[in-house]
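Accompanying notes for the structure given below.
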Amino acid sequence: MALTSPVKEHPYSHLIDTLKDGRIKFFNLQKLNDPRYDKLPLSIRVLLEATVRNCDGFYTKEEDVQNLLDWQQQQSKAEVPFSPARVLLQDFTGIPAMVDLAAMRDAVAKHGVDPSLVNPKCPTDLIVDHSLQIDYSKCAIQNAPNPGGGDGPNQSQGPSRSTPSRLPSRGGSHCGGHRGTCSKAACNDPPASPGRPPASVQQIENTPLLCPFHLKPVSETETTLKNQEMELIRNKERLQFFKWCSKAFKNVNVVPPDVGAVHQVNLEYLSRVVQVRDGFIYPDSVVGTDSHTTMINGLGILGWGVGGIESEAVMLGQPVSLTLPQVVGCKLVGSINPLTTSIDVVLGITKHLRQAGIAGKFVEFFGPGVSQLSAPDRTTIANMCPEYNATVSFFPVDQVTLKHFKKTNFTQEKLELLESYMKAVKLFRCFEDPSEDPQYSEVIEINLSSMVPYVSGPKRPQDRVAVCSMKEDFQSCLDEKVGFKGFHISKEKQDTRIPFLHGGQEYQLAHGSVVIAAVISCTNNCNPSVMLTAGLLAKKAVEAGLIVKPYIRTSLAPGSGMVTHYLSTSGVLPYFNQLGFEVIGYGCATCVGNTAPLPEAVVDAIKQGDLVACGVLSGNRHFEGRLCDCVRANYLASPPLVVAYAIAGTVGIDFEKEPLGVTSEGKDVYLRDIWPSREEVQQTEEDTVISSIFKDLRGRMEKGNTFWNNVDCPDSVLFPWDHKSTYIRSPCFFSKLSKEVPPPQSIESAHALLFLGDKVTTDHISPAGSIARVSAAAKYLLSKRLTPREFNSYGARRGNDAVMTRGTFASIKLQNRFIGKSGPKTLHIPSGQTLDVFEAADRYQRDGIPLIILAGKDYGSGNSRDWVAKGPYLLGVRAVIAESFEKLHKNQLVGMGIMPLEFLPGQNADSLELSGKERFTITLPESLSPRQQLTVKTSQGKSFVVTALFDTEMDVIFFQHGGLLRYVGRTLL
């Protein structure tokens, strides 16, 4: 197969036009003189421009351009390629991609091919942000260093060998160390000394904060520095690999840790709206290894999340293949209620669009209501796109977008270039002018004035609860049977109160008690108005004499230093601190399950009363058990509501009728008494969110930190794998890679590894949180002489296939019908033994028995992770038979050479009377075609028909090659 087309004149060279006195070229799509162009949704116009510009007659053909122009007739039918301008990786999902590229270099070198040819052809940014864990919360250091999430702080055996002896251990109270107290000595900490953190950590650049009680500047909170140091030390091996990647591979830019979360950095630093390269200007676009890459669509930049496998293909020059999408026009009308935050608007739009059934479609916003939304509002709305299953939620560029980029230090010249180009190709919108409205597949109208404050939970993001109904809704959750909302607590136990001691004082826990309150992640914190609302609420609460009970695990993990900067500059950060919401670091923490252990007395009280304790967070994920095993109810809420529920101490409160607390004078304080006005928030935002914030971020981005700058890495074309490493291993995906494509192999007499129900998420398939001590992965790490404190998390060890294979289906919430209760176990059918999933799969593979998985509806829902496909592949799974698949995960299975097979409509395992204990045979024809029907035969004499979900010819090709990685490797050979 040829890798490039013959050199010839570009078929659309006649469309090339110029800007800036002929210095900058662009493909002027208006020169097509096609009336269909003006009616295309703007998101489709971006796809069209990329297709025209990259038309090479090989990957991208002239018929693809015509299909896009004929979008009205070809939507949901034609397949089109899309070559994005760049790829975005975060470290958890990015490290497997980079490990694969390093392994691919080894594979081609063995065949005599120059390994330096293996490079990303598409510019790739990798942001190290997902490895932060909360080892310390509060400056008083109530948690001992805990590099792997193992033992709690009061273990007698002392620190593990991974705990650095140079970490300080201070008693007493420090600035913000105890709510309402401060040590003056801590405010005047001396310069670095042998007992303090090393200079390499102290010099991590972050905005100076203020002690809330003496208003004296300190270089950084003790909490943040300690969490950052632990992050850097425990992940040094991974950081060395990342640094090698930044030097060895062309087109790779690595953003070091402690700068910010991936989406925040993407928004504030990497986003361009337009790209200028090789003398051509064209729209910025991106695909990323995270489902919330869609956040960038709020700035008029087309982008969405893909699996790590697909991102690797794009990095290596392959376009993304997609079915030409339907585009739903979401028309926003009406005015926003002054008490409604952008999060409330997000949840309201999420509900409308989820109910509209827009899975796999593009959503494009238009209408006069769009102009009321700031750029941060739009990115917050676009962030929730995966929750209503759309591919993207696109806000075209308008004057609000330009105003935003003027704040972010775009030069006037660049703004003028951006505006002139976008207008020249009709990618610029005036939302008040209905004559500019494109034609959409369908239109959904949403009235912004109907939005009221909501939270989401207790188990799924789509289950919205109006704040005014929260108390009665939680009561109904206690009453209902165990399910997506219910906990089934008997009436006589619903009033259980369990007393416990904490810090020498007695408290009580009940059903609905809040034990985790986290203002966390980039996805809400990117919106200054929402964060400032929370900060002003905290200020008014402190001034009113309200407190947060000290046993509640509170934390504040800003998306970037920019957030800390404006919270500090606006004067609200000290009040966050006084309520216990201290900055614990920069990166994903609680949101990905990296929560500090709860106090033992709290855990004991929860277990004693079998209580439905609650977590409240302003992140984007809250599946049951994700935050903490013993916290069964978790609610997504806006940052100010997180603070409000933390003060209340319970979700079972009616804010309208019940006070948050009582002042020292005995006066009741209600939420309405301390909720800041919209005008107050907007004024504070104008005064603090200024261009200096972005200058500060840009400076820190380009400077890096001392620790990262001093990290040593190999200087070689091939990565020198350390066979003793438990973080980085060369995977076996390229073993026995041949130049010839093997013939399709039927699946003969396979056993079902698992028999699963509905809504199996990526968290169930490949957990990202801590590694349980009794898991198969723990046994492997123990065999490598690591202690539980050194386990770290599954997310941090995604560069080690041995850990990740053992971690596949290791979720404690996995419901396997073979077992009848939740847990990472399955039935080894030949022996009748109950084993860990990995142990059962390993025994099957040693016996040469292929495996399949039986599942229900929405298999693979959740955020994108390539190990949800790689793990089953290495377990020996050849096919998954389910009622329906989440599209992104379906693509990942195809990319690993696993067949996604769908029951015919109306059929499932139960209707076909399958026990799962049969043996299954699936015969493949010599030539496969998209969406071909195949027959499955069982050892019990039954047979049924399934649909092979190969949507495109490229899907078929990838499967025939044994997956996308092997396909790319073969093309290089």
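The values are calculated or read from the model by the stated rules, or taken from the named source; none is laboratory data. Quick caveat, the model's predicted, so the values are computed rather than measured. Cβ atoms come from the backbone with ideal geometry, glycine included; neighbour counts cover every protein chain shown. Heads up: the accessible areas ignore ligands, DNA and RNA and are worked out on the full protein's heavy atoms, side chains in. Shrake-Rupley method; radii C 1.70, N 1.55, O 1.52, S 1.80 Å.
Which of the helices (runs of 4 or more DSSP H) contained wholly in region 326-410 include at least 3 residues that are open to solvent by 10 Å² or more (accessible area, probe 1.4 Å)? It would help to see each step written out before you state the result.
On the way: elements: 342-356, 375-383, 399-407.
So the answer is 342-356, 399-407.
Would you check which residues across region 431-462 are within 30 Å of Leu324 (Cα to Cα) and either charged (D, E, K, R) or open to solvent by 50 Å² or more (accessible area, probe 1.4 Å) (or both) and list them? The answer is Glu432, Asp433, Pro434, Ser435, Glu436, Asp437, Gln439, Glu442, Val443, Glu445, Asn447, Arg460. Considered as a group, the residues in region 41-91 that are surrounded by fewer than 16 Cβ atoms within 10 Å (Cβ to Cβ) and either over 23 Å from Glu953 (Cβ atoms) or among the hydroxyl-bearing types (Ser, Thr, Tyr) (or both) include one that is modelled with the lowest pLDDT, and that residue is Ser76.
Taken over region 274-328, residues that are of a type in the set (Asp, Glu) and closer than 26 Å to Gly367 by Cβ amount to 1.
Results for (1) surrounded by 12 or more Cβ atoms within 10 Å (Cβ to Cβ); (2) outside any strand (DSSP E or B), shown as yes or no for each residue.
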| residue | (1), (2) |
| --- | --- |
| Pro905 | no, yes |
| Asn908 | yes, yes |
| Gly916 | yes, yes |
| Ser927 | no, yes |
| Val936 | yes, no |
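For region 944-973, the set of residues classified as over 15 Å from Pro744 (Cα atoms), open to solvent by 20 Å² or more (accessible area, probe 1.4 Å), modelled with pLDDT under 95 and not in a helix (DSSP H, G or I) consists of Asp951, Leu973, listed by residue number. The requirement of being touching a Ser or Thr at 6+ places or on another chain (Cβ under 6 Å) and hydrophobic (A, V, I, L, M, F, W, C) is satisfied by Leu924.
The conditions of being out of contact with any Pro (no Cβ under 8 Å at 6 or more places or on another chain), of a type in the set (A, V, I, L, M, F, W, C) and either within 24 Å of Ala855 (Cβ to Cβ) or open to solvent by 10 Å² or more (accessible area, probe 1.4 Å) (or both) are not met by Leu781.
Taking the criterion of being at pLDDT below 80 and closer than 17 Å to Pro639 by Cβ, the residues of region 653-697 that qualify are Arg678, Gln682, Glu685, Thr688, Val689.
Does Gly503 fit the bill of being out of contact with any strand residue (DSSP E or B) (no Cβ under 6 Å at 6 or more places or on another chain), among the small types (Gly, Ala, Ser) and outside the structural domain of Val612 (by the TED database)? It would help to see each step written out before you state the result.
On the way: out of contact with any strand residue (DSSP E or B) (no Cβ under 6 Å at 6 or more places or on another chain): yes; among the small types (Gly, Ala, Ser): yes; outside the structural domain of Val612 (by the TED database): no.
Considered against the rule, which asks whether it is out of contact with any strand residue (DSSP E or B) (no Cβ under 6 Å at 6 or more places or on another chain), among the small types (Gly, Ala, Ser) and outside the structural domain of Val612 (by the TED database), Gly503 comes out as no.
The C-beta contact set for region 659-687 (first residue free of Cβ contacts under 8 Å to residues at least 12 places away in the same chain and farther than 19 Å from Ser529 by Cβ, second residue of a type outside the set (Asp, Glu) and surrounded by fewer than 16 Cβ atoms within 10 Å (Cβ to Cβ), distance under 8 angstrom, 6+ apart or interchain) comprises Pro659/Tyr670; Asp668/Val662. In region 826-842, the condition of being polar (S, T, N, Q) and closer than 26 Å to Pro386 by Cα is met by no residue. Taken residue by residue, region 866-880 has at least one member that is free of Cβ contacts under 8 Å to residues at least 40 places away in the same chain and hydrophobic (A, V, I, L, M, F, W, C).
Say whether the condition of being at pLDDT below 90, under 26 Å from Leu636 (Cα atoms) and more than 29 Å from the chain's Cα centre (by Cα) is met by at least one residue in region 410-423. No, region 410-423 has no match at all.
Of all residue pairs spaced 6 or more apart or on separate chains, none has beta-carbon atoms under 9 Å together with a first member in region 241-252 that is surrounded by fewer than 18 Cβ atoms within 10 Å (Cβ to Cβ) and modelled with pLDDT of 95 or more and a second member that is of a type outside the set (Lys, Arg) and part of a loop (DSSP other than H, G, I, E, B). When region 736-776 is filtered for residues that are on the phi > 0 side of the Ramachandran plot and charged (D, E, K, R), the ones remaining, listed by number, are Lys736, Lys759.
The single condition among (1) out of contact with any His (no Cβ under 9 Å at 6 or more places or on another chain); (2) at pLDDT 90 or above; (3) outside any loop (DSSP other than H, G, I, E, B) that Pro900 does not meet is (1). Among the residues making up region 503-522, those that are assigned to a strand (DSSP E or B) and either basic (Lys, Arg) or open to solvent by less than 40 Å² (accessible area, probe 1.4 Å) (or both) are Tyr507, Leu509, Ala510, Ser513, Val514, Val515, Ile516, Ala517, Ala518, Val519, Ile520. Residues that are assigned to a loop (DSSP other than H, G, I, E, B) and more than 24 Å from the chain's Cα centre (by Cα) are absent from region 858-874 altogether.
For region 483-502, the candidate set comprises residues that are modelled with pLDDT under 90 and not basic (Lys, Arg); within that set, the residue that is surrounded by the fewest Cβ atoms within 10 Å (Cβ to Cβ) is Gly483.
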